[in-house]
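Below is one structure, written out as structure tokens, with a few remarks after it.
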């Protein structure tokens with residue numbers, strides 16, 4: 001019996017809003033027919049889009065609001081202006097009220113974080129939330145977190161990220177015991193910030209059945225797929241992500257202009273068109289769209305603001321998977337079972353230092 | 001009248017040693033004929049190499065030692081075992097004694113940092129050294145620092161990095177007033193670590209004639225060439241560098257296998273061979289070889305350990321440029337002139353917070 005998954009969509013989020021969100025939902029629905037949607041936003045914009053997607057319309061309910069969080073609002077402004085009324089808030093609120101299992105928004109990241117935290121609150125044992133994303137590697141996909149939700153953090157914060165990230169990896173990649181690495185500037189024991197070395201000790205001491213701690217991973221280890229889950233605090237996670245994205249864009253630009261530089265290279269391009277097509281497919285950033293806000297009493301997925309319907313559909317897929325495979329239950333089980341371990345870890349850590 | 005530049009080479013450094021270092025020096029000499037070399041290491045390995053390079057031999061002096069710092073030595077081990085005797089130490093010591101203007105080593109980074117700091121000491125006003133490197137961007141080259149010498153640091157450390165990095169950029173790129181950005185996870189004023197926001201205030205308040213502070217730069221701004229100099233502490237700088245290097249390697253691997261996947265793509269590759277050749281040239285990591293240790297009373301250049309003679313020659317070139325255009329004098333002038341500004345900055349900063 002297929003499980004029904006109810007997804008609340010902020011139909012006004014992102015650079016474009018309903019004209020990306022609604023067709024994106026339709027694409028995801030074709031992959032997961034047991035989904036139902038709440039489409040939240042300006043019904044005058046949603047309904048005409050919905051008219052083009054009969055199957056989606058049949059499983060959707062539109063909740064009208066004309067309050068929208070802008071892409072430029074600061075989190076505090078968004079909370080002041082959009083609390084209890086904006087499409088973003090109402091999507092999150094549907095999760096809180098149990099009317100939806102997950103909320104997906106392509107809106108302003110800071111506002112989404114603030115509203116999700118304010119409305120849903122953090123899980124017991126979690127002080128601050130994180131954003132986790134899928135990173136395509138040579139070996140397959142990995143989960144990297146935190147991509148920028150929380151700057152800094154102590155060893156326990158990093159250990160909690162490891163627990164939550166491995167729950168997400170087990171859900172998304174169907175892994176029994178994902179490997180987990182801590183991002184660091186060297187693989188040697190004595191390198192890096194003290195909190196990273198402490199987190200390594202905690203993870204080693206916990207020796208969890210749900211994750212296998214494999215040690216430090218350097219920046220170039222992420223793309224090599226050195227671990228299924230790469231853990232770091234939000235500042236360096238964001239820097240790593242954007243440095244990698246920027247490099248990928250830079251290289252594809254160079255490649256494009258190299259292939260256009262002479263008649264010979266243009267002929268070469270024509271011959272190798274399928275290869276270039278496969279390359280583009282492989283590098284398609286839309287396929288890794290969908291960052292998951294972790295550490296909250298509810299599942300919220302952040303889509304890139306500038307994506308198209310195909311890209312938004314991937315973010316909806318991520319939301320679907322998180323619910324379908326019980327991400328929150330898994331995280332809670334690990335935190336409760338091992339909340340003990342997390343809590344008792346300071347002793348182990350003191351013994352070492 | 002060309003200025004004579006005297007370069008001390010750790011001939012044992014790197015994965016290979018003299019068989020890369022000596023031919024590398026010969027290549028650099030062909031570009032800068034007014035160079036003289038001290039080649040320090042096992043003369044039984046250096047002399048046979050030197051026999052193949054008559055011009056280099058004519059301007060070189062060999063200093064024999066059979067003590068070598070291994071690539072795996074911890075800094076403390078290297079200092080204990082190799083102080084006053086190893087090729088790495090003696091190269092740095094030649095700078096200290098005024099027998100050379102710059103030392104270049106492809107050896108173990110941690111050991112090189114430790115020995116350079118221990119022997120040369122830091123400049124007045126500088127607590128902790130940095131490694132600065134050239135980062136190829138869409139717009140040309142930028143300087144990024146710190147690439148991993150010093151983890152963390154307060155606002156004054158970041159401001160000092162900005163001063164030293166812009167001195168290096170003015171020397172290497174012949175710029176009067178390089179633009180300087182602080183690496184951050186957003187371009188908005190209120191984002192990021194407190195010390196980064198404070199450093200921004202200091203740099204704005206200093207308003208130096210030798211550098212133009214342009215604000216925060218995100219991870220993807222580095223490769224876009226958002227500033228001539230990108231400043232961050234050593235942990236995130238190292239993560240950014242390696243994430244970018246890893247992505248570049250990953251993409252070229254994917255491209256290579258895409259071009260080999262069918263007879264059509266292989267024909268395409270043959271037609272576009274020149275374009276691929278140009279691409280490879282452009283992405284050649286050897287051309288950005290040569291990290292400069294900044295903040296010391298002497299110039300030391302770190303080459304990649306795994307590079308070849310061509311790559312090592314680029315690191316020697318960097319050393320040459322640093323001396324030829326008076327890097328140390330420029331840094332000292334800025335620190336002295338503006339050491340006052342740096343020192344008085346806390347007041348400005350208190351006024352703001």
(request) Would you kindly identify the strands (runs of 3 or more DSSP E) lying entirely within region A:130-202 that contain at least 3 residues that are within 30 Å of residue A:108 (Cβ to Cβ) and within 12 Å of chain B (Cβ to nearest Cβ)? (result) A:130-137
(request) Among residues belonging to region B:230-276 that are part of a loop (DSSP other than H, G, I, E, B) and within 7 Å of chain A (Cβ to nearest Cβ), point out the one that is surrounded by the most Cβ atoms within 10 Å (Cβ to Cβ). (result) B:272
(message) All but one of (1) touching a helix residue (DSSP H, G or I) at 6+ places or on another chain (Cβ under 7 Å); (2) modelled with pLDDT of 95 or more hold for residue B:260; state the number of the condition that does not hold.
(response) (2)
(request) Kindly provide the set of residues from region B:222-248 that are over 22 Å from residue B:126 (Cβ atoms) and touching a helix residue (DSSP H, G or I) at 6+ places or on another chain (Cβ under 7 Å), ordered by number. (result) B:222, B:223, B:224, B:239, B:240, B:242, B:243, B:244, B:245, B:246, B:247, B:248
(request) Could you tell me whether region B:279-292 includes any residue that is more than 7 Å from chain A (Cβ to nearest Cβ), within 24 Å of residue B:129 (Cα to Cα) and in a strand (DSSP E or B)? (result) yes
(request) Within region A:203-229, work out how many residues are touching a residue at least 24 places away in the same chain (Cβ under 8 Å), part of a helix (DSSP H, G or I) and within 29 Å of residue A:336 (Cβ to Cβ). (result) 3
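The values are calculated or read from the model by the stated rules, or taken from the named source; none is laboratory data. Not measured: the values here are computed from a predicted model. Counting neighbours? That spans all protein chains shown, and the Cβs are built from the backbone with ideal geometry, glycine included.
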